[in-house]
Amino acid sequence: MNTLSGQTAPEAVPQDSDTFLRRAAEYRPELLAHCYRMLGSVHDAEDLVQETYLRAWRGRYGFEGRSSLRFWLYRIATSACLTALQHSSRRFVPAGLGTAGDDPHAPLDPAGVELPWVQPMLDLPPDPAAVVAERGSVRLALIVALQQLPPRQRAVLILRDVLAWRAAEVAALLDTSAAAVNSALQRARAQLQQTAATEDGVTDSLDERGRALVDRFAKAFEDADVDALARLLREDVRLEMPPDPLWFAGRTLVLRFLADRVFPIVAEQRLLAVTVNDGQPALATYWREADGRFHPHVLQVLTLRGHRVAGILAFRDTTFFPAAGLPASLDPGTPPAPSWLW
């Protein structure tokens, strides 16, 4: 099957449950990636994939084999995503809400601020047999940029530019014309260019030198070594900490915030290095608590440029940890960084 094309030869949908579930399960990884691109949330994407399979199972007798099973599942998933986006069409990162803060002592967690935040997607341990999205298509910067597009333009851009479907296929899936698809695609591309969101240059590849940089950053962070961190951060480094809308730009302010607000309250910490969003480095950060064990605190997603850390997006939602197979806690004897989980 051509994984870059949506519409393949018509086929019958299996009627018995075992065969249907086995066939449909082949497409789950790419459907999850598709829903994640649309929604910007791993949790919501998981729910919508489940809903996709439920709708497909219930509607299997009405499917007349006019398209491939893959195309049919994408039609259901995209429709479900567009319905969900009628209620909340955008997710945010702090830098998308306003200017950077200039006071590292400003209060966090202001009352009444409840916004839908973009979530990272943790990579699974390598599985050569898995069906995966094209490399770079779930990069965090791209996911953030996609959230700024209207939902139907978002769907068109994903199906045309990420999945490389033909205009006629997208038109059939969205029940519109090829001309309307091409028009929406042009508008979506123009919007993405305005946000300067391209996959090229978003992050250094995580080669041996990149992994060494992550290791040094993890060690400096565990040791609360501000001087060592200063040598690893770019001058224009950005620190964002959802769900706090406050964010900082510039090495001086970022280091001052860490030195004055973070490190003094951490008794001891351990960091595990993982990757998210198709290869971007991240650090699962555990803090030592009263029971002596290390418990999840934050997931730091790093952007690397020019062999320095250019961005720290610190997600304080620890529900990512069990969902990604990360340890629920670490032993007191866990060795300090660097330590790569996989």
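Mind checking which residues of the stretch 254-267 are surrounded by fewer than 19 Cβ atoms within 10 Å (Cβ to Cβ) and either β-branched (Val, Ile, Thr) or touching a residue at least 40 places away in the same chain (Cβ under 8 Å) (or both)?
Passing the criteria: ARG256, ASP260, ARG261, VAL262, ILE265, VAL266.
Just to be sure, is THR78 of a type in the set (Val, Ile, Thr) and closer than 18 Å to VAL144 by Cα?
The answer is no for THR78.
In the stretch 323-341, is there at least one residue being under 24 Å from GLY40 (Cα atoms), outside any loop (DSSP other than H, G, I, E, B) and not hydroxyl-bearing (Ser, Thr, Tyr)?
Yes: the stretch 323-341 contains one or more residues that are under 24 Å from GLY40 (Cα atoms), outside any loop (DSSP other than H, G, I, E, B) and not hydroxyl-bearing (Ser, Thr, Tyr).
If I ask for residues that are farther than 22 Å from ASP331 by Cα, within 28 Å of the chain's Cα centre (by Cα) and of a type in the set (D, E, K, R), which ones from the stretch 257-274 would you list?
ARG261
Which of the residues belonging to the stretch 190-207 are buried (at least 16 other Cβ atoms within 10 Å of the Cβ) and either part of a helix (DSSP H, G or I) or at pLDDT 90 or above (or both)?
GLN191, LEU192
What do you reckon, is PHE294 at pLDDT below 90, crowded, with 18+ Cβ neighbours inside 10 Å and of a type in the set (A, V, I, L, M, F, W, C)?
no
So the check is Cβ under 6 Å with 6+ separation or different chains; which pairs have a first residue in the stretch 62-89 that's over 17 Å from ARG23 (Cα atoms) and part of a loop (DSSP other than H, G, I, E, B) and a second one that's modelled with pLDDT of 95 or more and of a type outside the set (A, V, I, L, M)?
Partner pairs satisfying both residue conditions: LEU85/PRO151; SER89/PRO151.
Among the residues of the stretch 216-242, count how many are crowded, with 22+ Cβ neighbours inside 10 Å and either among the small types (Gly, Ala, Ser) or closer than 18 Å to SER339 by Cβ (or both).
3
On the given criteria, is ALA145 modelled with pLDDT of 95 or more and of a type in the set (Gly, Ala, Ser)?
No, not satisfied.
The values are calculated or read from the model by the stated rules, or taken from the named source; none is laboratory data. If you're wondering where the values come from, they're calculated on a predicted model, not measured in any experiment. Neighbour counts are summed over all protein chains in view; Cβ atoms, including those assigned to glycine, are modelled from backbone coordinates with ideal geometry.
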